[in-house]
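The values are calculated or read from the model by the stated rules, or taken from the named source; none is laboratory data. No experiment lies behind these values; they were computed from the predicted model shown. Because the Cβ atoms are built from the backbone with ideal geometry, glycine has one as well, and the counts that use them run over all protein chains shown.
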Amino acid sequence: MSWFLNLIRRKPIAKIFALLGAVILWIFVVQDQNPMSDTSYRVPVMMLNAPDGSKINLSDENIKIKLRGTRSAVASIDQDDVRAFINLDSVEPGTHKLKVHTVIPQGVEAVEVSPDMIEVTIDPIVQRAMDITLIRVGQAPKDMAVASVTPNTPTVTVEGPRSSVKEVAQVIGYVGLTQSSDTDVDVHVPLTAIGDEGTGIDDVRVIPKSVSVHVQLARGLSKKIVDVKPLFEGTAPEGYAVKSVKIEPARVEIAGESFIINPINSLTTEPITVSELTKNTRRAVLISLPNGVTVTNKMVFVNIEIEKE
């Protein structure tokens, strides 16, 4: 130990500078041979503790993670070692902004996570019972009319994310008629869930997805073409007014006993609520039918033009 103390006592300042120089040189050599380096990965966002029975939407399904470390450390990274996740434990249904957590290899640091917060929507899967609307397409045989169209079940269940199920206005099925058959028929009819504008809602399924429909034909029924008129319920919001209404089709063919249909010159739609309409709207609406009256197509489209006063 004494020899080391004697070594330090001889020209201590020079020895200190020599030591510092050696350290600086070592750092320079290390950095020159193994400099700091950056690399970026785009990785999928995983979900931990996701609730059962829900559809989950992420505003960003992939994020960018920028890593920094020595060149050797960066070169040894396997992309599978870089992960990102959000924790959905105890998160209630609805829309939330959650922090993105990362897992990275040792020897490097995450200098950027983009985005570091993402919007998460948890939409519970729900069910809802609905009536079936059957729409006839094609023509009945000559001198015959459709007396009734009866499905083997009047109601079905629609299932899907709550926000989508809420948008379902009707469950429809198209019943094809043909002039080649003059007897009652049973047909297999697929069902579709549609919204107010008559378009299908993809992420909602109908249970069962099809029904068996009995089509009863009859002779001696009278036929007649009548107008369809809209029936409105409520008034437009303050500052707005209904400018015009167009129905497609504006006229339909009805059938029934002569004494029933002869007095009928027009039919009305089911009530259309206008109290929340502030923009032009297209609605798929059913026609209200008196007892004993059948119609080729029970659904019409109502185009409502709204203007600001």
ask   = Among the residues of segment 41-83, which ones are closer than 30 Å to Val126 by Cα and of a type in the set (A, V, I, L, M, F, W, C)?
value = Val45, Met46, Met47, Leu48, Ala50, Ile56, Leu58
query = Would you pick out the residues in segment 137-190 that are part of a loop (DSSP other than H, G, I, E, B), within 20 Å of Ile254 (Cα to Cα) and hydrophobic (A, V, I, L, M, F, W, C)?
reply = Ala140, Leu177
task = Give the residues of segment 203-229 that are hydrophobic (A, V, I, L, M, F, W, C), surrounded by 13 or more Cβ atoms within 10 Å (Cβ to Cβ) and at pLDDT 90 or above, sorted by residue number.
result = Val204, Val206, Val211, Val213, Val226, Val228
task = Could you list all residues from segment 148-170 that are under 30 Å from Glu257 (Cβ atoms) and either aliphatic (A, V, I, L, M) or free of Cβ contacts under 8 Å to residues at least 40 places away in the same chain (or both)?
result = Val149, Pro154, Thr155
message = For the list (1) in a strand (DSSP E or B); (2) touching a Lys or Arg at 6+ places or on another chain (Cβ under 8 Å), I need the number of the one condition that Asn297 fails.
response = (1)
key: Candidates Ala236, Ala255 - the one that is in a loop (DSSP other than H, G, I, E, B) and either assigned by TED's automatic domain parsing to the domain that holds Ile306 or among the hydrophobic types (A, V, I, L, M, F, W, C) (or both)   = Ala236
request  = Of the conditions (1) surrounded by fewer than 17 Cβ atoms within 10 Å (Cβ to Cβ); (2) within 35 Å of the chain's Cα centre (by Cα), Phe259 clears all except one; give me its number.
outcome  = (2)
message = among the β-branched types (Val, Ile, Thr), closer than 30 Å to Arg162 by Cβ, out of contact with any Phe, Trp or Tyr (no Cβ under 9 Å at 6 or more places or on another chain) and not assigned by TED's automatic domain parsing to the domain that holds Val137: which single residue out of Thr281, Thr268 fits that description?
response = Thr281
query = Here are some conditions: (1) closer than 29 Å to Glu109 by Cβ; (2) modelled with pLDDT under 85; (3) of a type outside the set (Ser, Thr, Tyr). Ala14 meets all but one. Which one does it not meet?
reply = (1)
ask   = Among the numbered criteria (1) modelled with pLDDT of 90 or more; (2) farther than 15 Å from Leu231 by Cβ; (3) of a type in the set (A, V, I, L, M), which single criterion is violated by Ile287?
value = (2)
Condition met for Thr121 (at pLDDT 90 or above and among the hydroxyl-bearing types (Ser, Thr, Tyr)) = yes
ask   = So, of the residues in segment 164-202 that are surrounded by 15 or more Cβ atoms within 10 Å (Cβ to Cβ) and charged (D, E, K, R), which turns out to be nearest to the chain's Cα centre (by Cα)?
value = Glu167
ask   = So is Val156 under 21 Å from Val171 (Cβ atoms) and crowded, with 18+ Cβ neighbours inside 10 Å or not?
value = yes
ask   = Can Val211 be described as assigned to a strand (DSSP E or B), in the same structural domain as Met144 (by TED's automatic domain parsing) and either over 28 Å from Val156 (Cα atoms) or within 34 Å of the chain's Cα centre (by Cα) (or both)?
value = yes
